[in-house]
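J.: Quick one: the structure is below, questions incoming.
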Amino acid sequence: MRTPDVVPDPALPARVTVYEVGPRDGLQNEDVTLPADVKVAFVRRLRAAGLPIVEATSFVHPRWVPQLADAEEVMGALVDDAPSLPVLVPNQRGLERAIALGVRHVAVFGSATETFARRNLNRGLDDQFAMFEPVVRAAVDAGIAVRAYVSMCFGDPWEGPVPRDQVVAVGRRFADLGIDQLSLGDTIGTGTPGQVVALLDAFNAAGLPDDILAMHFHDTYGQALANAYAALRHGVTTFDASAGGLGGCPYAESATGNLATEDLVWMLHGLGIETGVDLDLLVATSQWMATQLRRPPVGRVVAALTG
Ligand code: HMG
Ligand code: MG
């Protein structure tokens, strides 16, 4: 079978936005550093497969993430499609680099825990906002769309369970800066559906409705698709995923790949939910990327459709 049998659920939304993170979250954690023209081709193929948003690269310090040190070259080739291609920017230096290339959509990335803030951003939980505030203000003033990530929402490898009110407080601070979307990250993939529902309830109670939220699940413990389904039932309509299940985070112990885009799309299409994604083109893209990386894709649907 190349497509799922469709049984719609009237309680679920008619359409979902799949936010593709493979070229950024995926490639930032691969041992093989790909040439810029392969990254550009990857982004173009993902867009041609119908993905509405593709996070293209990262304007962080090249010493911190050498795999994406060619961000200028990659975005320089893709600028015509800039509104659909967000990029990570941690600070003003990152934003300046992105603006110089005509970027129209950026993402800042904060941590819900002190330890990960220090390891990933070289500053504490509070100080991270001193870095983000001017970036978000400048981007909003320039009419650039801004997403904010909160990492370690469901558990932290150094601190263990993360109190929900601590996660909500970080998300609330981002929302108060005027960001367009807040993506809640299960960076190490330990979360389970009950936690997802409880966290979404807590965000809603703090005045942040599901339509400003996106979910970003890593699949380290095999929970990502179940968690996405729980969030979908709750009312979330934007999900981050990575073609072929590429990914991880170089600064988070035990973070492996993101939820595979093909697995998410298979479930959504089976539920009769529109995504705009052509699954065959997407699978062909993940297969091609696997040959570039010289390793098989980890996503289950890609494996099933190409085996
Ligand atoms: P720092 O060392 O504190 O930076 O790093 P600084 O402001 O002190 O500057 C030091 C030097 O770096 C200066 O150069 C700056 O110009 C330069 P010098 O004067 O010494 O020659 N510099 C830069 N150069 C290029 N681009 C920049 C930049 N910024 C400073 N943007 C910093 C602070 C935030 C820069 C560093 O910690 C960093 O780059 N961190 C990035 C870590 C990262 O990318 N992690 C992976 C992404 S997060 C993730 O994957 C999680 C997510 O997927 C969600 C989830 O799963 O939960 C989003
Ligand atoms: Mg991630």
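J.: Which of the residues spanning the range 155-167 are touching a strand residue (DSSP E or B) at 6+ places or on another chain (Cβ under 9 Å) and either open to solvent by 10 Å² or more (accessible area, probe 1.4 Å) or outside any loop (DSSP other than H, G, I, E, B) (or both)?
T.: Listed by number, the residues that qualify are ASP156, VAL162, VAL167.
J.: Just a yes or no: is a residue in the range 208-226 within 16 Å of ligand 2 (Cβ to nearest atom), modelled with pLDDT under 95 and in contact with an Asp or Glu (Cβ under 6 Å, 6 or more places away or on another chain)?
T.: No, that holds for no residue.
J.: Additional query: Filtering the range 133-150 down to residues that are without any contact (Cβ under 8 Å) to a residue 40 or more places away in the chain and in a helix (DSSP H, G or I), which residue is nearest to ligand 2 (Cβ to nearest atom)?
T.: VAL140
J.: Does THR256 fit the bill of being open to solvent by 10 Å² or more (accessible area, probe 1.4 Å) and out of contact with any Cys (no Cβ under 6 Å at 6 or more places or on another chain)?
T.: yes
J.: Could you list all residues from the range 236-249 that are in contact (Cβ under 8 Å) with a residue 60 or more places away in the chain and either away from ligand 2 (no atom under 16 Å from the Cβ) or farther than 17 Å from ILE188 by Cα (or both)?
T.: THR237, THR238, ALA243, GLY244
J.: Among the residues of the range 32-79 satisfying the criterion of being of a type in the set (Asp, Glu) and in contact with a Lys or Arg (Cβ under 9 Å, 6 or more places away or on another chain), which is nearest to ASP280 (Cα to Cα)?
T.: The selected residue is GLU55.
J.: VAL7 passes all but one of (1) assigned to a loop (DSSP other than H, G, I, E, B); (2) open to solvent by 30 Å² or more (accessible area, probe 1.4 Å); (3) within 27 Å of PRO90 (Cβ to Cβ); (4) more than 16 Å from ligand 1 (Cβ to nearest atom); which number fails?
T.: The failed condition is (3).
J.: Name every residue in the range 41-78 that is assigned to a helix (DSSP H, G or I) and buried (at least 21 other Cβ atoms within 10 Å of the Cβ), in order of residue number.
T.: PHE42, VAL43, LEU46, LEU68, ALA71, VAL74, MET75, LEU78
The values are calculated or read from the model by the stated rules, or taken from the named source; none is laboratory data. Computed from a predicted structure; not experimentally measured. FYI the Cβ positions are ideal-geometry reconstructions off the backbone, even for glycines, and counts take in every protein chain you see. To get the accessible areas, we keep the full protein, side chains included, count just its heavy atoms, and leave off ligands, DNA and RNA. Shrake-Rupley method; radii C 1.70, N 1.55, O 1.52, S 1.80 Å.
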